[in-house]
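The values are calculated or read from the model by the stated rules, or taken from the named source; none is laboratory data. Treat the numbers as computed from the prediction; the structure is a model and nothing was measured. Every residue, glycine as well, gets a Cβ built from its backbone with ideal geometry; the counts of neighbours run over all protein chains shown. When the accessible area is computed, the model is the full protein with side chains, heavy atoms only, and any ligands, DNA or RNA have been set aside. Shrake-Rupley method; radii C 1.70, N 1.55, O 1.52, S 1.80 Å.
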Amino acid sequence: MPKIFNIKKYLRMNKMPHIWCPGCGNGMVMSAFLRAVEDLRLDPNKTVVVSGIGCSSRISGYLDFNTLHTTHGRPLAFATGIKLANPELEVVVIAGDGDTAAIGGNHFIHACRRNINMTAIIINNRIYGMTGGQYSPLTPKGDLAATAPFGNVEPEADICKLAEAAGATYVARGATFRPVNLEDIIRMGMERKGFSLIEVISQCPVYYGRINKRGSAVDMLKWQRDNTISLQALAKLPASARKNKIVTGVLATQTRTEYTEEYAKLTERVQKEKFESERKDDKDNVSAPKEML
Ligand SMILES: Cc1ncc(C[n+]2csc(CCOP(=O)(O)OP(=O)(O)O)c2C)c(N)n1
Ligand code: SF4
Ligand SMILES: [Mg+2]
């Protein structure tokens with residue numbers, strides 16, 4: 001059953017109309033995120049949404065939460081600072097494939113490795129949308145882009161595999177074609193302690209769709225329907241039919257120590273040691289009363 005709630009209470013209506021082209025997937029991801037927020041009854045005043053620069057990163061500007069619209073490639077670095085200073089806050093990063101896998105690739109690897117308790121929702125429209133359709137590390141080999149007019153020669157990266165290998169403790173992939181599942185995997189990612197990555201296969205009908213002759217936004221959603229498959233459904237397919245399918249669902253989980261907790265333990269230990277050494281110094285420095293000399 002679709003959830004009925006007042007979505008406007010989470011939006012900055014004074015920022016409307018939004019900048020997105022008709023049929024863009026960004027609004028679908030934003031609404032899946034808000035349904036997850038509603039489900040979890042998160043307080044927008046205790047939730048921080050951080051984004052970089054890109055069409056997808058405009059989401060932070062439209063949400064009436066604590067928001068930071070930062071610099072291209074750096075939202076995870078800003079988010080890490082926020083979480084370290086205020087571990088009690090719920091921190092969510094929403095950014096694009098270019099932002100995360102290209103200029104921000106280094107921050108991505110280390111956020112996964114540190115396993116800091118936050119959720120990253122990465123909208124993979126397979127292109128740099130905002131700047132006119134340059135290819136990103138997630139553009140499939142052979143696809144056309146403004147910077148690859150004869151076809152992209154680079155192999156496509158898999159950020160889910162990268163996140164798992166780097167140490168993220170929750171890794172999931174969803175698609176805008178499956179909004180209910182998308183909401184579920186976002187909610188589960190936010191509930192889980194540690195670094196959660198959710199890659200969302202999305203559509204840019206303008207800069208990716210046009211040059212690659214993918215038709216309308218609806219055609220691109222139908223493509224997702226035919227080319228994505230849940231882990232459960234994949235298991236039922238013969239090996240020959242599995243090739244080239246984009247697998248969705250919760251792809252990996254692991255348990256590791258969480259960064260802010262380790263940092264808090266370290267701070268406590270250092271403070272205790274400092275206090276004890278100061279007490280010892282005080283004792284050593286007590287001079288004998290004059291009459292005893
Ligand atoms: C340091 C820096 N380099 C480059 C840019 C230009 N720039 C802005 S958005 C963008 C790419 C956006 O692509 P993506 O992250 O995939 O987001 P989308 O627009 O597709 O949602 C680039 C290269 C910038 N703003 N800052
Ligand atoms: S250019 Fe593409 S990603 Fe950007 S708003 Fe338009 S459809 Fe969406
Ligand atoms: Mg993009």
- Task: For the chain, report the accessible area per residue in Å² (1.4 Å probe, heavy atoms, rounded to an integer).
- Result: 52
- Query: Dipole of the stretch 1-160, Cα-centred, from +1 at each Lys and Arg C-beta and -1 at each Asp and Glu C-beta, to the nearest 20 debye?
  - Reply: 420
- Message: Suppose we look only past 14 Å in the calculated P(r) of the stretch 1-68. What percent of the Cα-Cα pairs does that tail hold?
- Response: 59
- Message: Could you work out how much longer the chain between Lys141 and His18 gets when fully extended? Use 0.36 nm per residue separation minus the Cα distance between them, nm to one decimal.
- Response: 41.1 nm
- Rounded to the nearest 5, the percent of antiparallel DSSP beta bridges in the stretch 1-152 equals 20
- Query: Out of Pro238, Leu182, Val91, whose Cα points farthest toward the positive end of the dipole of the chain (charges: +1 Lys, Arg; -1 Asp, Glu; placed on Cβ)?
  - Reply: Pro238
- Message: At R0 = 22 Å, how high is the FRET efficiency between Ile211 and Ala157 if r is their beta carbon distance? Nearest 0.05 is fine.
- Response: 0.60
- Calculated from DSSP helices alone, with each H run of at least 4 adding -39500 (n - 2.57) and the total divided by the residues of the chain, [θ]222 nm to the nearest 500 comes to -11000 deg cm²/dmol
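Could you order peptides 215-227, 60-72 by the average number of other Cβ atoms within 10 Å of their residues, highest first? All intermediate terms of the calculation are to be shown ahead of the outcome.
Values: 215-227: 14.9, 60-72: 18.8.
Per-residue Cβ counts within 10 Å, averaged per peptide and sorted highest first, yield 60-72, 215-227.
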- Query: When the accessible area of the chain is split by element with a 1.4 Å probe, what percent falls to carbon and sulfur?
  - Reply: 55
- Query: When ranked by the protection proxy of mean other Cβ atoms within 10 Å per residue, highest first, what sequence do the peptides 111-117, 37-43 form?
  - Reply: 111-117, 37-43
- For the stretch 160-268, the dipole about the Cα centre with charges only on Cβ (Lys and Arg +1, Asp and Glu -1), to the nearest 20 debye, works out at 740
- With a 19 Å threshold on alpha-carbon distance, the violating pairs from Lys3/Lys245; Lys83/Lys193; Lys46/Lys193; Lys9/Lys46 are Lys3/Lys245
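Out of all DSSP beta bridges with both ends in the chain, state the antiparallel percent to the nearest 5.
So the antiparallel bridges in the chain amount to around 20 percent.
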